[in-house]
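Novice: Pasting a structure here, questions to come.
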Amino acid sequence: MRAASSSDARAGAFIAVAVALFCIQLDFFALNLAVPGIADEFAVTASAAQWTLSAYMLSIGCCFIVGGRVGDVFGRRGALLGGTALFAAGSVGCALAPGLWALVGARIVQGIGAGFVFPVSVSVITNAFPDTTRARALGAVFGIANVGTALGPFIGGGFTEGPGWRRIFWLLAPPSVLALVVAYVYVPDSRDPAAPRRLAPTGCLTVVCALAALTLAVERGSAWGWDHARTLTLLAIAAVAGALFVRREQRARHPLIDLRLFGNAPCVLVTGAGTVTNMGYAVTVFVSTLYLQQVRGLSPLVAGVVFLAPAVFVALSGPLGARLSPHMQPTAVMALAGAVAGSGMIVLSLVTAWSLYVPVFAWCGLGLGPGWTFAGVATQEVVAPERAGEASGVLLTFLVTLGGVAMAGAAAAITAMVPERSAEAAYDVILRFRGAVILAACVVVMAVRHRLVLIGRVPSLGSRAPRGGRLP
């Protein structure tokens, strides 16, 4: 193993992380358009086939916090290798699945692997690169990962209409193995030196139960009914398990999450802004998919081509945010991105001509992309490197869980509105409302930040971080 400070180790870590995240992003955004093909092949309903997405979201959402802290405590290299291996094995299992529930099981394996890879990848880059180049490296990693976001709908739609959805998973296997090999050879190990080499099972169990119950309730609430006994029971379990987790963390000598993280005002502001923007991203993708196929009558392949416009700008948002980072405070970058996203969503609901729709759709991508890309960069700039995995896990949990909540809320609202108005009108209402929420959140974030500046908690927007510094 080469020294962690060597240029080879940094390059290897960059390649391994970028390729792994690229595969995960492509996988998620490709399979959204493959659900009808899965339902047809296995002769099941679309609702049953939707479990291939629900199971993945359930498993990945439960693993972010635990996966990030496992990397901090036991070593990020091992956690990255284990997560990548699980994702690769799950991809092969999905490609070979003889039935729906075998496919769902393989998707759970994929989700667990991805749940470790995501937070550990961010902390691997944070600890492999020096302060002077860290933000740029993270931005480039997210940019490459978001190429998978751009290609996902196109590949998913094309394979579903052409050789079949199984080819999506066969496509993922070779680069996943490549990421695994490069990580094994080059990625330097790092961990939190102050943390004991153990995790309290009570903390892990309660947080996993809380997140699993909440995610399952959100994912299946529309199908079961929000007032159904199963949905209400899951929400109650989530609330009780969440309360037990917080109580346990407050008393633990070595907590899974250091709750003082929520007293880090810059981290909270960036996480909040990123979460609201990512909720808008989830809603925009969901509503636009329905609009393009149900209102415009496009096939999955052609709809995937239209999605290339915003996805390309989402891919560019990572490097762009990293370039802005040395010159602007992270909260200002997030507020600017939110203003672009919110206004874009409102305008998107007003245009119909293709000559305007596609450019405005791309405009939305430019603003919505930083919801998770730059938020991931920014949180790493305002926390200590030894807690990088923990901070990344917390951020990703908020992004994914509340993104799912926003999507479920949009689905429920559309169902409630459609009997009284057209589907197109319902989609427009959802986009306008979510756009207005993002704009309002930007105003609130900047107002709170201004107040914190006045009381001396954070520096003014005109302040610049010293080289290698950690200004909020």
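Novice: Is the range 249-264 home to any residue that is among the β-branched types (Val, Ile, Thr) and at pLDDT 90 or above? Working first, answer last.
Specialist: We begin by selecting, within the range 249-264, every residue among the β-branched types (Val, Ile, Thr); these are 257.
So of that shortlist, the ones also at pLDDT 90 or above come out as none.
Taking every residue of the range 249-264 in turn, none turns out to be among the β-branched types (Val, Ile, Thr) and at pLDDT 90 or above.
Novice: Here's something else I'd like to know. Got at least one residue in the range 247-258 being surrounded by fewer than 22 Cβ atoms within 10 Å (Cβ to Cβ), closer than 21 Å to Ala375 by Cα and more than 18 Å from the chain's Cα centre (by Cα)? Quick ask: steps written out before the conclusion?
Specialist: Looking only at the range 247-258, we keep the residues that are surrounded by fewer than 22 Cβ atoms within 10 Å (Cβ to Cβ), and these are 247-255, 258.
Pick out the ones that are also closer than 21 Å to Ala375 by Cα and you get 258.
Remaining after also requiring more than 18 Å from the chain's Cα centre (by Cα): 258.
Yes, that holds for at least one residue.
Novice: Within the group Ala183, Ala217, Ala210, which residue is under 25 Å from Ile125 (Cα atoms) and in a helix (DSSP H, G or I)?
Specialist: On inspection, the qualifying residue turns out to be Ala183.
Novice: Would you say Ala243 is hydrophobic (A, V, I, L, M, F, W, C), part of a helix (DSSP H, G or I), surrounded by fewer than 17 Cβ atoms within 10 Å (Cβ to Cβ) and outside the structural domain of Ala48 (by TED's automatic domain parsing)?
Specialist: For Ala243, the condition - hydrophobic (A, V, I, L, M, F, W, C), part of a helix (DSSP H, G or I), surrounded by fewer than 17 Cβ atoms within 10 Å (Cβ to Cβ) and outside the structural domain of Ala48 (by TED's automatic domain parsing) - is met.
Novice: Also: Sort out which residues of the range 70-128 are in a loop (DSSP other than H, G, I, E, B) and either in contact with a His (Cβ under 8 Å, 6 or more places away or on another chain) or hydrophobic (A, V, I, L, M, F, W, C) (or both), and write them in order of number. Talk me through it step by step, then tell me what you get.
Specialist: Here is the first cut: in the range 70-128, the ones in a loop (DSSP other than H, G, I, E, B) are 75, 97-99.
Within the range 70-128, just Ala97 meets the criteria.
Novice: Within the range 128-168, work out how many residues are surrounded by 24 or more Cβ atoms within 10 Å (Cβ to Cβ) and of a type in the set (S, T, N, Q).
Specialist: Number satisfying all stated conditions: 3.
Novice: Which one of Thr331, Thr271 is over 20 Å from Ile430 (Cα atoms), touching a Lys or Arg at 6+ places or on another chain (Cβ under 7 Å) and in a helix (DSSP H, G or I)? Don't jump to the end; show me each part of the working.
Specialist: Values: Thr271 fails: touching a Lys or Arg at 6+ places or on another chain (Cβ under 7 Å).
The match here is Thr331.
Novice: Has the range 266-284 got any residue that is buried (at least 23 other Cβ atoms within 10 Å of the Cβ) and within 19 Å of Trp354 (Cβ to Cβ)?
Specialist: For the range 266-284, residues buried (at least 23 other Cβ atoms within 10 Å of the Cβ) and within 19 Å of Trp354 (Cβ to Cβ): present.
Novice: Which of the residues that make up the range 340-375 are touching a Pro at 6+ places or on another chain (Cβ under 7 Å) and not aliphatic (A, V, I, L, M)? Steps first, please.
Specialist: Filtering the range 340-375 down to residues touching a Pro at 6+ places or on another chain (Cβ under 7 Å) leaves 361-362, 364-365.
Those that are touching a Pro at 6+ places or on another chain (Cβ under 7 Å) and not aliphatic (A, V, I, L, M): Phe361, Cys364, Gly365.
Novice: Right, here's the next one. In the range 285-326, which residue that is among the hydroxyl-bearing types (Ser, Thr, Tyr) and in contact with a Phe, Trp or Tyr (Cβ under 9 Å, 6 or more places away or on another chain) is surrounded by the fewest Cβ atoms within 10 Å (Cβ to Cβ)? If you could, list the steps in order and put the result at the bottom.
Specialist: Here is the first cut: in the range 285-326, the residues among the hydroxyl-bearing types (Ser, Thr, Tyr) are 288-289, 291, 299, 317, 325.
Narrowing further to those that are in contact with a Phe, Trp or Tyr (Cβ under 9 Å, 6 or more places away or on another chain): 288-289, 291, 317, 325.
On the way: Ser288: 23, Thr289: 19, Tyr291: 23, Ser317: 25, Ser325: 21.
Only one residue tops the list, namely Thr289.
Novice: Please identify the pairs in which a residue from the range 326-343 that is within 15 Å of Leu368 (Cα to Cα) has its Cβ atom under 7 Å from the Cβ atom of a residue that is buried (at least 17 other Cβ atoms within 10 Å of the Cβ) and aromatic (Phe, Trp, Tyr), counting only partners at least 6 apart or on another chain.
Specialist: That search, which allows pairs on different chains as well, returns Val333/Phe374; Met334/Phe374; Ala337/Phe374; Val340/Trp363.
Novice: Any chance the range 314-323 includes a residue that's within 29 Å of Pro36 (Cβ to Cβ), part of a helix (DSSP H, G or I) and in the same structural domain as Ala265 (by TED's automatic domain parsing)?
Specialist: Kept after step one, since they are within 29 Å of Pro36 (Cβ to Cβ), are these residues of the range 314-323: 314-315.
Within this subset, residues satisfying the condition of being part of a helix (DSSP H, G or I) are 314-315.
Cutting the leftovers down to in the same structural domain as Ala265 (by TED's automatic domain parsing) gives us 314-315.
Yes, because at least one residue in the range 314-323 is within 29 Å of Pro36 (Cβ to Cβ), part of a helix (DSSP H, G or I) and in the same structural domain as Ala265 (by TED's automatic domain parsing).
Novice: Continuing with this model, one more query. When the range 25-52 is examined, which residues are found to be of a type in the set (A, V, I, L, M), crowded, with 19+ Cβ neighbours inside 10 Å and out of contact with any Phe, Trp or Tyr (no Cβ under 8 Å at 6 or more places or on another chain)? Show your work before the answer.
Specialist: We begin by selecting, within the range 25-52, every residue of a type in the set (A, V, I, L, M); these are 26, 30-31, 33-35, 38-39, 43-44, 46, 48-49.
Add one more test, that the residue is crowded, with 19+ Cβ neighbours inside 10 Å, and what stays is 26, 30-31, 33-35, 38, 49.
If the condition is that a residue be of a type in the set (A, V, I, L, M), crowded, with 19+ Cβ neighbours inside 10 Å and out of contact with any Phe, Trp or Tyr (no Cβ under 8 Å at 6 or more places or on another chain), then Leu26, Leu33, Val35 are the ones that fit.
A quick yes/no check of all residues on (1) touching a helix residue (DSSP H, G or I) at 6+ places or on another chain (Cβ under 8 Å); (2) charged (D, E, K, R); (3) under 20 Å from Val177 (Cβ atoms):
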position: Val44; (1), (2), (3): yes, no, no
position: Ser54; (1), (2), (3): yes, no, no
position: Phe64; (1), (2), (3): yes, no, no
position: Arg77; (1), (2), (3): yes, yes, yes
position: Ala88; (1), (2), (3): yes, no, yes
position: Ala106; (1), (2), (3): yes, no, yes
position: Ile125; (1), (2), (3): yes, no, no
position: Phe129; (1), (2), (3): yes, no, no
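Novice: Only one of Ala179, Ala173, Ala183, Ala212 is outside the structural domain of Ala11 (by TED's automatic domain parsing), small (Gly, Ala, Ser) and at negative phi. Can you tell me which?
Specialist: Being outside the structural domain of Ala11 (by TED's automatic domain parsing), small (Gly, Ala, Ser) and at negative phi holds for just one of Ala179, Ala173, Ala183, Ala212, which is Ala212.
The values are calculated or read from the model by the stated rules, or taken from the named source; none is laboratory data. Only a predicted model underlies this, so the values are computations on that prediction, with no experimental measurement involved. Here Cβ is always computed from backbone atoms with ideal geometry, including for glycine, and neighbour counts include all displayed protein chains.
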